[in-house]
Amino acid sequence: MGERVHKIAIYGMTCDCCSGRVDRVLRANPEVIDAKISYQSDSGIVTTTDKLSTDKVIVMVNEAGFIASA
């Protein structure tokens, strides 16, 4: 099974609690291996199995209440 790295922009985060929320939402998915979320740079680097598309990662972030794009 391979890995995929998704680099995404995430808007609407204003503090560590916001980035923590995005991190928790992403890590709740068993296909997510690692997530590094930064509210300071409005970005995230998410490592997943190759089963998870960038579009799905974006949908998960959007469902958490933030705006994400590739």
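The values are calculated or read from the model by the stated rules, or taken from the named source; none is laboratory data. On a predicted model such as this, the values are computed, not experimentally measured, just so you know. As a convention, Cβ positions derive from the backbone with ideal geometry for all residues, glycine included, and neighbour counts pool all protein chains shown. When the accessible area is computed, the model is the full protein with side chains, heavy atoms only, and any ligands, DNA or RNA have been set aside. Shrake-Rupley method; radii C 1.70, N 1.55, O 1.52, S 1.80 Å.
Step through the residues of the stretch 61-70 one at a time and calculate ³J(HN,Hα) from phi using the Karplus curve (6.51 cos²θ - 1.76 cosθ + 1.60, θ = phi - 60°), rounding each to whole Hz and writing x for Gly and Pro.
Values per residue, Gly and Pro as x: 5, 4, 5, 7, x, 10, 10, 10, 8, 7 Hz.
With every protein chain present, what is the per residue accessible area of the chain (1.4 Å probe, Å²)?
57 Å²
Computing the accessible area with a 1.4 Å probe over protein heavy atoms, can you report the carbon and sulfur percentage for the chain?
Looking at the chain in its full context, I get 52 percent from C and S.
Name the long-range amide H neighbours of ALA35: under 5 Å, sequence gap of 5 or more, or other chain; modelled H, no Pro or chain starts.
Here the answer is THR47, since their amide H atoms fall under 5 Å of that of ALA35.
May I ask you to evaluate 6.51 cos²θ - 1.76 cosθ + 1.60, the Karplus curve with θ = phi - 60°, for each residue of the stretch 42-51 and list the ³J(HN,Hα) values in order in whole Hz, giving x for glycine and proline?
Values, residue by residue: 6, 8, x, 10, 10, 9, 10, 5, 6, 6 Hz.
From the P(r) of the chain, can you give the percent of Cα pairs sitting at distances over 22 Å?
The calculated P(r) of the chain puts 10 percent of pairs beyond 22 Å.
Fully extended, how many nm does the chain gain between CYS17 and MET1 (0.36 nm per residue separation, minus their Cα-Cα distance)?
So the extension gain works out to 2.5 nm.
Mind listing the phi-derived Karplus ³J(HN,Hα) values for the stretch 10-26, rounded to whole Hz, using 6.51, -1.76 and 1.60 with θ = phi - 60°, and x for any glycine or proline?
With coefficients 6.51, -1.76 and 1.60, one gets 10, 10, x, 7, 10, 7, 4, 5, 5, 5, x, 5, 4, 4, 5, 4, 5 Hz.
Calculate the dipole size of the chain relative to its Cα centre from +1 charges on Lys and Arg beta carbons and -1 charges on Asp and Glu beta carbons; express the result in debye to the nearest 20.
Here the chain has a charge dipole of around 40 debye.
Can you give the calculated 222 nm mean residue ellipticity of the chain, where each DSSP H run of n ≥ 4 adds -39,500 (n - 2.57) and the sum is split over every residue, rounded to the nearest 500 deg cm²/dmol?
The per-residue figure over the chain is -9500 deg cm²/dmol.
Multiplying the sequence separation of ASN62 and GLU31 by 0.36 nm and subtracting their Cα-Cα distance, what value in nm do you get?
9.4 nm
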